[in-house]
Amino acid sequence: MDIYLPIAEVSVNWPLLVMLGALVGFVSGLFGIGGGFLMAPVLVFLGIPPTVAVASQASHVVASSTSGVIRYSGMKAVDYRIGGIMAVGGALGALMGVELFRYLRLLGQADLVVALSYLLFLGSIGCMMLYESLTQILHRVRGETPPRKERRRPMWLYGLPFRMRFPRSGLYISAIPPFGLGVFAGILSAIMGVGGGFILVPAMLYVLRMKASVVVGTSLFQIIITTAITTVLQAGRNQTVDIVLSTILLLGGVVGAQYGARLSGRFRAEEMRAALGLIVLLVGIQMGLELFVRPSDLFLLAPGVAD
């Protein structure tokens, strides 16, 4: 049941890849994230080179996110206006990120940067999300009233130019912060193969103060455009997209995302954030361990080449 991946130059079990795509698609629809942060480490564990894993699974992110957006759009839970501005920023960020990725590959440092990015970004964000959500859960279990947090948006949001109204999100702010978030997500999409949802969702909630009901769907909408552009650029500039691998992964991703979106409303918000924070933290630690754990096969100096 193995299939040969021409760009990755390895053989893998294709039913396993389909199930992996469905599982990550389910997580994508449930939490409103692209799922790339979870897919890439698993592909690396299966023996696929990190550069190919990062670039090839981006199409799965597009497919699963599209499936999720269709579901959320039916519930009128997508703000296309602010999502479009973020997507424009994401396109610019993708261009910058792909060129940076190409430069790192030429230096032979792409794999190292990918692993470090997962360790730093996922580790820190996972810790913060897990701490905040567990604190709220403990207050609820003990019957305590959690301290009220200041819900006002940062004042600098009101001092920036190009202010626009986003009725569905309940915002009247500058377009610069959403655009900037999109640029950052685009760079991460190219370097880490992720949609950036694990950063966008908290930022949309706690910085922009968007309505929670539209955050997940809007995040997925932005992810579709950003990762689609990233996939095309990676294929053209770096030749690291394995079309066979991408196709197999997205077959399961489309189905899994639909079921994840259906179940997203059945859990408390703090429980969702705790689960997502734990997953993000564990994935970051796993990728980081690759930098410190001694490999099973050591590189050996060829005899006769040393003085």
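May I ask you to list the residues in the stretch 197-210 that are touching a Ser or Thr at 6+ places or on another chain (Cβ under 6 Å) and at pLDDT below 75?
GLY197
Apart from one condition, LEU251 fits all of (1) at pLDDT 75 or above; (2) open to solvent by less than 50 Å² (accessible area, probe 1.4 Å); the exception is (2). Within the stretch 106-115, restricting attention to residues that are loosely packed, with under 15 Cβ neighbours inside 10 Å and in a helix (DSSP H, G or I), the residue that is modelled with the lowest pLDDT is LEU112. On the stretch given as the stretch 161-180, residues that are among the charged types (D, E, K, R) and either without any contact (Cβ under 8 Å) to a residue 60 or more places away in the chain or closer than 13 Å to MET86 by Cβ (or both) total 2.
Per the conditions (1) under 23 Å from THR227 (Cα atoms); (2) modelled with pLDDT of 85 or more, the sole criterion not satisfied by ARG165 is (1). Restricting attention to the stretch 50-85, the residues that are of a type in the set (A, V, I, L, M), surrounded by fewer than 19 Cβ atoms within 10 Å (Cβ to Cβ) and under 21 Å from PRO177 (Cβ atoms) total 0. In the stretch 216-242, the residues that are more than 24 Å from GLY84 (Cβ to Cβ) and among the acidic types (Asp, Glu) reach residues that are modelled with pLDDT under 80 and open to solvent by 30 Å² or more (accessible area, probe 1.4 Å) with C-beta atoms within less than 8 angstrom, at least six apart or across chains, in these pairs: ASP242/PRO6; ASP242/ILE7. Would you please name the residue that is farthest from LEU181 (Cα to Cα), looking only at residues in the stretch 86-105 that are aliphatic (A, V, I, L, M) and crowded, with 23+ Cβ neighbours inside 10 Å? It comes out as VAL98. If we scan the stretch 32-45, do we find a residue that is crowded, with 24+ Cβ neighbours inside 10 Å and more than 21 Å from GLY97 (Cβ to Cβ)? Yes, the stretch 32-45 has at least one match. Restricting the stretch 44-81 to residues that are among the polar types (S, T, N, Q) and part of a helix (DSSP H, G or I) leaves a set whose member that is farthest from LEU171 (Cα to Cα) is THR51.
Using the structure shown, decide if PRO147 is at pLDDT 75 or above, more than 25 Å from the chain's Cα centre (by Cα) and open to solvent by 70 Å² or more (accessible area, probe 1.4 Å). Here the answer is no, as PRO147 does not meet what is asked.
The values are calculated or read from the model by the stated rules, or taken from the named source; none is laboratory data. Quick caveat: nothing in here was measured; it's all calculated off a predicted structure. All Cβ positions, even for glycine, are placed from backbone atoms using ideal geometry, and neighbour counts span all protein chains on display. Remember, those area values only see protein heavy atoms, side chains included, never the ligands or the DNA or RNA. Shrake-Rupley method; radii C 1.70, N 1.55, O 1.52, S 1.80 Å.
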